[in-house]
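What follows is a single structure, written as structure tokens, with notes after it.
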């Protein structure tokens with residue numbers, strides 16, 4: 001009447017109870033006592049999840065199981081186990097915080113939980129298993145039978161790996177954008193200082209404008225050089241040419257850095273890792 005297969009599409013007790021009632025109505029069968037129906041539903045649900053635990057654990061190599069057990073042990077130089085530290089959310093973007101998240105990511109990856117163990121399991125069911133593991137302390141997790149413990153820990157690591165990968169990528173992008181904005185502001189400040197260093201620029205521009213208006217038919221050498229020395233034009237042109245080239249190169253390098261620099265490579269690396277996890 002109530003089968004473990006029903007739990008796959010309705011993995012909670014309440015939803016499975018509704019499915020059972022609907023099925024009984026469709027078959028025109030009398031509903032059993034509420035306590036009996038609830039017992040059957042709980043038995044089907046527990047059976048489904050235990051089968052799931054066995055399915056996941058069966059695909060974990062002994063070395064992976066050993067790594068999972070080590071997550072519950074507090075290292076000598078720490079106050080909490082890796083399992084507890086993995087629950088901490090990412091903090092504000094910064095180099096130090098980025099290094100902490102990358103270290104967390106490396107540790108999660110080093111466990112070696114295989115993706116194949118979860119391919120046939122619905123996403124909502126994986127989320128339920130992850131929440132069960134999240135809500136338990138390391139000491140409570142150690143008390144579970146090994147089938148349950150390894151399945152919950154493996155699911156926790158699998159989904160947490162995806163979340164931490166996303167956090168690392170977001171943090172990298174934010175840091176790169178900050179560097180871009182800082183670089184642009186620095187370039188504009190340098191250009192402004194160069195403009196301010198040109199002595200008498202307003203007077204020079206006024207003289208040039210006056211000559212252009214009063215003697216539009218004259219040649220540059222005849223009408224401009226007597227007002228503004230040729231050396232002044234050459235000096236200013238060289239200054240702005242050098243600065244403009246530097247500005248263009250710096251701006252181009254700044255924009256290209258997220259794509260071709262080391263940080264850009266890190267972004268692509270972690271995005272590729274994220275695609276494998278998800």
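Assorted remarks:
- Label-point gap, in nm, between residue 124 and residue 34 - each point 7 angstrom along Cα→Cβ: 2.5 nm
- Distance between the 7 Å Cα→Cβ label points at residue 89 and residue 51: 3.7 nm.
- 107, 91 arranged by Cβ crowding within 10 Å, fewest neighbours leading: 91, 107
- Here 106, 130, 170 are placed in order of increasing Cβ neighbour count within 10 Å, fewest first, which gives 106, 170, 130.
- Fewest-first sequence of 69, 89 by Cβ atoms within 10 Å of each Cβ: 89, 69
No value in this document is a laboratory result; all are computed from the given coordinates. All figures in this text were calculated on a predicted structure; none of them were measured in a lab. Here Cβ is always computed from backbone atoms with ideal geometry, including for glycine, and neighbour counts include all displayed protein chains.
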